[in-house]
Amino acid sequence: MNTKSKLTKLLALLFAFTLLATSCGSSSDGESTAAPAADNASEEDNDDVELTQGDDLLEQIIARGTLNCGVASVSIGFAVADSNGVFQGFDADWCRATAAAILGDANAVNIVPLTAAERFTAVQTGEVDLLHRNTTWTQSRDSDVGMDFGPTTYFDGQQLMARVGDGFTPNSGVADLDGAVICTNAGTTTEKNIAEAAILAGVEITLNTFEDFDIVTQNFIDGGCDVITTDGSGLVGRKAEQQPADQEWAIFPGQPISKEPLGPTYGQNQSRFADAVNWTVYAMLIADEYGVNQDNVDDFLGAEAELGRLLGGEGEVQTAMGLNADAFYQAISQMGSYSDLWKRHLAPLGLQLEGSANDLWTNGGLMYPPPAR
Ligand SMILES: N[C@@H](CCC(=O)N[C@@H](CS)C(=O)NCC(=O)O)C(=O)O
């Protein structure tokens with residue numbers, strides 16, 4: 001690293017620490033009244049952070065031999081540490097697929113758990129190269145915050161969850177929240193959306209934010225929160241795994257209160273790395289267009305035209321991207337297609353791919369990868 005980039009990195013680190021201190025310091029903004037230990041840190045979306053990755057990030061990762069990839073600390077179905085401390089889930093597997101494409105080895109990845117409030121600073125300081133962390137693509141994150149976004153891997157939307165015993169049902173709505181204590185995690189689109197939705201619906205809520213969603217859910221179970229709110233997928237996971245036997249939890253409203261397009265996020269102006277990340281997602285979707293998955297991909301080696309190119313055959317474009325010709329064959333054979341990841345991690349929670357927004361365009365969904373040529 002040259003002296004200039006060292007200096008830039010040092011300044012960015014100092015700046016990041018200042019940011020962290022600022023966000024921690026804003027913990028009592030007057031909204032919290034009910035639950036203990038609430039940390040009403042406000043979202044740092046509007047803070048400017050400086051890009052520190054001076055050199056070509058793709059080359060750095062190849063030279064390093066490891067991809068550093070940030071995931072949520074606990075997001076059921078997306079990123080949860082198993083009993084050996086190894087992160088499992090849809091997002092963790094996107095990290096591995098990207099490592100397989102860039103480095104030829106799905107295990108050449110360092111998966112880093114991050115809270116929502118930590119995640120963008122972790123990219124800006126170079127702690128991680130990439131986030132696959134339930135991160136919503138928004139205008140301010142894409143500009144002010146200094147992030148770039150890849151293709152959406154999960155079209156989600158914000159919902160709420162509350163006890164049926166408290167009178168809530170799947171047909172409840174924001175208008176039913178008057179007087180409720182609503183909890184979520186800090187540093188998210190979630191906290192802003194619910195505050196705005198309450199104002200628009202003319203209801204008064206108490207909004208408590210906590211450091212992570214484990215703490216949010218525990219406060220809900222303990223009775224400190226009437227309602228919890230986050231991306232719908234997150235609520236489905238929590239209900240599937242944590243609903244006590246003597247309670248029933250309802251998720252509402254049926255039509256989410258926001259759009260939450262979740263996908264890979266990285267520092268801006270790293271075009272070659274961005275291409276590698278993005279085309280890993282596209283390749284795993286194109287695989288599904290051809291009915292190719294982890295089990296049968298070897299049968300398609302030597303295929304003609306688009307599928308052949310994608311798997312490293314004649315006319316392939318991967319080497320022009322700075323990757324090995326077989327980069328996407330490696331991603332698919334080691335980790336699977338898009339629907340393989342879904343079946344492995346999300347279908348067991350009851351999240352259905354078929355007929356959802358996350359289905360391929362050929363099935364009426366929104367997944368429309370560009371052509372591989
Ligand atoms: N998509 C929203 C919310 C992201 C978020 O933090 N979601 C929660 C619930 S699924 C989460 O991942 N929690 C894991 C954790 O707190 O470690 C955003 O980008 O701000």
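The values are calculated or read from the model by the stated rules, or taken from the named source; none is laboratory data. Treat the numbers as computed from the prediction; the structure is a model and nothing was measured. Quick reminder, even Gly has a Cβ in these numbers, built from the backbone with ideal geometry, and neighbours come from all protein chains shown.
Taking the stretch 223-239 as the range and being part of a strand (DSSP E or B) and either more than 18 Å from Glu211 (Cα to Cα) or more than 8 Å from the ligand (Cβ to nearest atom) (or both) as the test, the residues that pass are Val227, Ile228, Thr229. Number of residues in the stretch 181-213 that are at negative phi and either of a type in the set (Phe, Trp, Tyr) or out of contact with any Leu (no Cβ under 9 Å at 6 or more places or on another chain) (or both) equals 18. Taking the stretch 62-98 as the range and being surrounded by 19 or more Cβ atoms within 10 Å (Cβ to Cβ) and among the acidic types (Asp, Glu) as the test, the residues that pass are Asp91, Asp93.
Within the stretch 226-282, which residues are under 20 Å from the mean Cα position of the chain (by Cα), more than 19 Å from Pro348 (Cα to Cα) and hydrophobic (A, V, I, L, M, F, W, C)? Within the stretch 226-282, Ile228, Ile257, Leu262, Phe273, Ala274, Ala276, Val277, Trp279, Val281 qualify.
Inside the stretch 58-77, residues that are within 17 Å of Ala106 (Cβ to Cβ) and in a loop (DSSP other than H, G, I, E, B) make up a count of 2.
Here's a check for you: in the stretch 56-90, which residue that is among the charged types (D, E, K, R) and free of Cβ contacts under 8 Å to residues at least 60 places away in the same chain is farthest from the ligand (Cβ to nearest atom)? My answer is Arg64. Looking at Arg133, Arg96, Arg141, Arg163, just one residue is of a type in the set (Lys, Arg), more than 12 Å from the ligand (Cβ to nearest atom) and under 23 Å from Pro256 (Cα atoms), and that residue is Arg163. Between Asp47, Asp55, Asp105, the distinction of being at pLDDT 95 or above and closer than 27 Å to Arg272 by Cα belongs to Asp105 only. The residue that is nearest to the ligand (Cβ to nearest atom), counting only those in the stretch 107-121 that are more than 14 Å from the chain's Cα centre (by Cα) and crowded, with 20+ Cβ neighbours inside 10 Å, is Thr121. The number of residues in the stretch 154-168 that are surrounded by fewer than 22 Cβ atoms within 10 Å (Cβ to Cβ), farther than 29 Å from Val281 by Cβ and in contact with a helix residue (DSSP H, G or I) (Cβ under 9 Å, 6 or more places away or on another chain) comes to 2.
Residues in the stretch 191-212 that are within 17 Å of Val181 (Cβ to Cβ), within 15 Å of the ligand (Cβ to nearest atom) and surrounded by fewer than 18 Cβ atoms within 10 Å (Cβ to Cβ): Ala195 alone.
Pick from the stretch 144-156 the residues that are more than 10 Å from the ligand (Cβ to nearest atom) and in contact with a Lys or Arg (Cβ under 9 Å, 6 or more places away or on another chain): which of them is farthest from Gln352 (Cα to Cα)? The extreme case among them is Met147.
If the condition is being of a type in the set (Ser, Thr, Tyr) and not in a loop (DSSP other than H, G, I, E, B), then the stretch 317-373 contributes Thr319, Tyr329, Ser333, Tyr338, Ser339, Thr362.
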